[in-house]
Structure formats: structure tokens, C-alpha cells
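Visitor: Below you will find the structure I want to go over with you.
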Amino acid sequence: MKHHVDKLQRLRQEALQGGGERRVQKQHARGKWTARERLDYLLDAGSFQELGMFVKHQVTDFGMAEKRIAGDAVVTGFGTIDGREVAVFAQDFTVLGGTFSEMHARKIAYLQDLALEAGAPLIGLMDSGGARIQEGIRGLAGYGSMFTRNVLASGVIPQISVMMGPTAGGSVYAPALTDFVIMVRNTSYMFLTGPEVVRAVTGEEVSTEELGGAMTHNAHSGVAHFLAEDEANALDMVKLLLSYLPQNNTEDPRRAVSTDPPDRREESLLNIVPPAEDQSYDVKQVIQAVVDMGSFLEVQPYFARNAVVGFARMAGHVVGVVANQPAFLAGVLDINSSDKIAHFVRVCDAFNIPLITFVDTPGFLPGVDQEHYGVIRHGAKIIYAYVEATVPKISVVLRKAMGGAYIAMSSKAMRSDLAFAWPTAQIAVMGAEGAVRILHRKDLAKAEDPAALEAQFVQKYRETFFNPYVAAELGYIDDIIDPRDTRPRLIRALAFLRTKVQQNPPKKHGLMPV
Ligand code: HXC
């Protein structure tokens, strides 16, 4: 028996070395950890149960027969984070560049199956040179099997990808199919084709960082949801993000202990929205004043900043918050903010997280580019996502709610459960000046003093439409509330709606505009 156990120990020891001391040092010199160091940091101490440590690559061509590839360049298994079960894989860049092969794929696919069956979140720590060239079709097919499971698990278990090194080619699609992508600044990048191919095909000169670095995907493409300063920061983000998510779509997120009184009236809310309607303010101040103190976790803070989305807690219960951001492009809705909002609403709906929407938007952004690049198609996603969502939905109109943007932002006619408004709300088809020019074009054309007459019409339009009372008279707003009462009113409403049951008509799937 002893020699069997000794052999096992020796083989384990070998696997634990990864790609060997030299490559580990190279990894460290870049500010990167090894796959196992990352798992140690992420998981509760001693909780990791590794699977497939002895899996071996099967390809023998191109000098591969004699290569030792520990665990086939990926460490897979399950463990706990804050006592909750998670399935996790970590690609090991020190082992043949963490490259993706047939057996590497099989390990990940099996873990994906287990995670789905157990109803546990799946976390992928990505650090890979992409498809292992020597494996040809085997690795490519492996990607297909991974993507398949990403899609089948979508909306059933939370899937989080942490980009901790390179990702090129088709392998960017696995993270893109997951719910959240976290990228580490300076050491991670994602692109379909690298700078050299770009130069050869289009003649454009671009650096790796500019083409697919962490900030590029956080601020411009919207592929990433969080930017981490370093590896520890990225793994801390995983833990924090998980605390807002349930294990799977049959559960609610865990309730946290809240020391913030549910009946807290917030005086500061009287002073955040400025008196002049064209003045901006930071809607995050409203969110932070309303939710449990310090509980707001913004998602995609650098992308489409004219909208704000994120998780928070109200009396300890997790909520999803969506808001227009008047501090950025006056809070207009455009192509990117539509995508950002629609994705977030769908995540919340999939994982039983009630939605609170704060509205202050002058409408959809006019412009040739917006129209030509499909603001109609993208804007439709917000409508689709809100209507389809069956979780409790409450909106609060803070100030402007104009035209199509009023309807899209969780309006009552679109299956929102409750709609509140502050007394400062302006719910109208369009802005005053534009409306007057359309309604009174002829009067203005023949007026002696068109400017004075226009001012009169504008004043009248404002008095008639720029308030929440018409909407409240018609029942489109359920109550006009004192801004200071926003938190207690929302918490009461959420408590009432907690047992909400609503279903969509049976169908194979809807045809969300994409
Ligand atoms: C086989 C690879 C490899 C690959 C890296 N290695 N990429 N082996 N197939 N795709 C090996 C290297 O030979 C080296 O082995 C080790 O991994 C580390 O790589 P280095 O080049 O030394 O590291 P570094 O200088 O940090 O550069 C990392 C890199 C570079 C930028 C990722 O290796 C690179 O550009 N690799 C190719 C990336 C790529 O184009 N992949 C294919 C994408 S297409 P030793 O033994 O020396 O340590 C794709 C299709 C997917 O993925 C389709 C899915 C549908």
C-alpha cells in the first residue's frame, strides 16, 4: 500500500508544480499569480476539491508526446466562497501558455455540467494563449462544447469570468457568453484578432492595450463589467458580486443584516435635484441616499455613463437599480445605454432580483449615427427586457420623463408594478421648446414678436405638462411622494411585492431584438 500512496503523492506534487519554477517566476514578474495561487485567494481555506488533476493531453504529433502538461493547463474543481458552493476553473498560463486543448475543454465542460446540475455558480479564471495550435480541430471542437454549456447554463446559474491574461480568437466568446466579465488592468486583454492582423488587414496601427485592454472593454466596447486594479482586487470583486447573486434561478439572493433603519427619511434628497431643469446632478447621490448605506455595487461604471446600473440592498434584501444619469449627456438613452440597461434588467429577472428604476431622461438621443447604427433596434431591447421581466418592478420619476424614454424606463403601462414620482417630475411627450414649435408653427410665423409669443407658449406648456399630476390623475403614477420618504416607501412596496407571482405566455423563446 505504502508505495501506491507514495506514487500518488509524487504525481500530485508534480501536478502542483504547474509549468515549473522558471515559468512561475515569469508569471510573478508580470504581476500575475499562478492558477493555484488564485484559487487559494478566492476560495475559503481548505475548501477546494480538485477534479481531473491527472488528465493528460492525447495529441502526440508535433513533439507533444514527450511534453508534460500538468492537468492539461487548467485546474478545475469546486470549493466554497463565504460558505457557498461554487464550481471554478483556472487556466494555468505557466503550463504551455494555459492553452485550450481537447482534454482541457473536456475538464471544463464536465465542471460546467456539474455546476448546472448542482445549481452552483460557475467562475472561470481565464489566462490562456487560446486554442493549442498542435491540437487542431480538437481544441476548436472543445470550445464549441464549452460555449454550448455556457448557453445552456445562462439564466440558470450565475456565470462569472475573470480575465487575468490574454484571450484571443474565438476563446473570447466563452467569457462573452457569461453574465459578468471582470478584467485586470494592464495584464488582461481580449480581441478576436491581434494588432498584427489588424495592421495587415486594415492598415490601422494599434497597441494591444488600446485594441483589447481592460479599459477598452470597460469603457468602450461594453464587453467587460468591472475593472480590477490587480489580481487580488479582481478576486475580491468576484466575492462581492456573488454576495448579490443567488446560487441559481430557483433561489433568492441571500439577505444581509442591515443596520440602516428601513424608515430612514433622507433630508439630503430635497437638495440633490437642482431647481433649474437644465442643470445636471449625479443620480448616484440619490441611489446612495436611498439604498442601505454603502450597499451600492455599480456594474459597468465606465461604459455608457448616461445610465447607471448596479446591485444594492434595501432592508438587507438585494435589489437591482437602474437610473438615468443627468450628469452625463443629460441622461439621454442611446445605443450603448440601451444595451447596458437591457442586459442588467435581464440578469436581475433571471436571478429573482427586484428592480428599482430612477427616471430622469430627456429622451432618446437624436442623431444620424444613432439612427443609422440602430438606436431603434437597441432601444427596443430596454422595452423588451422590462416587459419580459416578472420580478417586482418599481419606478420613481425624479424629474424628466419624456416621450419614448418615459415609456421605456419601466413605465406602468409596461407591466411595472408601482410607479412613484417626486413633485419635481415632468412627464410629457417632449421638451417644451420643441413641442411649442410644432404645435404653434403658424402662430409663431405670423407673430410680430415671435420670441415673446414662443416664451408665452412655452410657459403654458410647462404649466400644463411639466408636473406629475396629470399622470397621477390618470393612474399612470401611483403616488407622488415627498423625496425624503423615498427609502421607506420603496422598502414597504418591496415587502408587499415580495410574494409577487407573474408568468409570461408559454413559448419556446421570445424574439428579443438583438
Ligand atoms: C500552443 C502556445 C500557444 C498556442 C502560447 N503557447 N500560445 N502553444 N498554442 N496557441 C505556448 C508558447 O509556445 C510557450 O510555450 C507558452 O505557451 C507561453 O507562451 P509565450 O509566447 O512564451 O508567452 P508570452 O510571451 O507571454 O505570449 C503570450 C501570447 C502568445 C501573447 C498569448 O503566446 C501568443 O500570441 N500566442 C498565440 C495566441 C493565439 O493566436 N492563439 C490562437 C487564437 S485563435 P513554452 O513551452 O515556451 O513555455 C483561437 C481559436 C479559438 O483561439 C476558436 C474558438 C471557436
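Visitor: Identify, from the list GLU210, GLU251, GLU298, GLU277, the residue that is surrounded by fewer than 20 Cβ atoms within 10 Å (Cβ to Cβ) and in a strand (DSSP E or B).
Guide: None of the other options fit; the residue is GLU298.
Visitor: Quick one: in segment 111-152, which of the residues that are of a type in the set (A, V, I, L, M) and in contact with a Ser or Thr (Cβ under 6 Å, 6 or more places away or on another chain) is nearest to the ligand (Cβ to nearest atom)?
Guide: Residue satisfying both the conditions and the ranking: MET126.
Visitor: Is it the case that ALA224 is in contact with a helix residue (DSSP H, G or I) (Cβ under 6 Å, 6 or more places away or on another chain) and open to solvent by less than 10 Å² (accessible area, probe 1.4 Å)?
Guide: In short, yes.
Visitor: Name the single residue, out of those in segment 321-350 being crowded, with 24+ Cβ neighbours inside 10 Å, in contact with a Leu (Cβ under 9 Å, 6 or more places away or on another chain) and in contact (Cβ under 8 Å) with a residue 60 or more places away in the chain, that is nearest to ASP292 (Cα to Cα).
Guide: By that ranking, first place goes to VAL322.
Visitor: Against the condition in contact with a strand residue (DSSP E or B) (Cβ under 7 Å, 6 or more places away or on another chain), open to solvent by 40 Å² or more (accessible area, probe 1.4 Å) and touching a residue at least 60 places away in the same chain (Cβ under 8 Å), how does TYR244 come out, does it pass?
Guide: No, not satisfied.
Visitor: A further question follows. Pull out all pairs, ordered by first then second residue, where Cβ-Cβ is under 9 Å, the residues are six or more apart or on different chains, the first lies in segment 502-514 and is at pLDDT 95 or above, and the second is of a type in the set (Asp, Glu) and surrounded by 10 or more Cβ atoms within 10 Å (Cβ to Cβ).
Guide: Pairs found: GLN502/ASP417; ASN504/GLU388; GLY510/GLU388; MET512/GLU388.
Visitor: Quick test for you: out of THR94, THR99, THR80, THR60, pick the one residue that is over 21 Å from MET183 (Cα atoms) and either within 16 Å of the ligand (Cβ to nearest atom) or free of Cβ contacts under 8 Å to residues at least 24 places away in the same chain (or both).
Guide: Of the residues listed, the single one that is over 21 Å from MET183 (Cα atoms) and either within 16 Å of the ligand (Cβ to nearest atom) or free of Cβ contacts under 8 Å to residues at least 24 places away in the same chain (or both) is THR60.
Visitor: How do the pairs read when you match residues in segment 147-171 that are under 24 Å from GLU251 (Cα atoms) with residues anywhere that are within 8 Å of the ligand (Cβ to nearest atom) and open to solvent by 40 Å² or more (accessible area, probe 1.4 Å), using Cβ under 9 Å and keeping only pairs 6 or more apart or on different chains?
Guide: Correct list of pairs: ASN150/TYR173.
Visitor: When the residues of segment 154-188 are narrowed to those that are modelled with pLDDT under 95 and farther than 30 Å from HIS509 by Cα, which ends up farthest from the ligand (Cβ to nearest atom)?
Guide: THR167
The values are calculated or read from the model by the stated rules, or taken from the named source; none is laboratory data. Computed from a prediction, not measured in an experiment: that's the story for all the values here. Cβ: placed from backbone, ideal geometry, glycine included. Neighbour counts: every protein chain shown. Accessible surface is based on the protein model in full, side chains and every heavy atom, while ligands, DNA and RNA are left aside. Shrake-Rupley method; radii C 1.70, N 1.55, O 1.52, S 1.80 Å.
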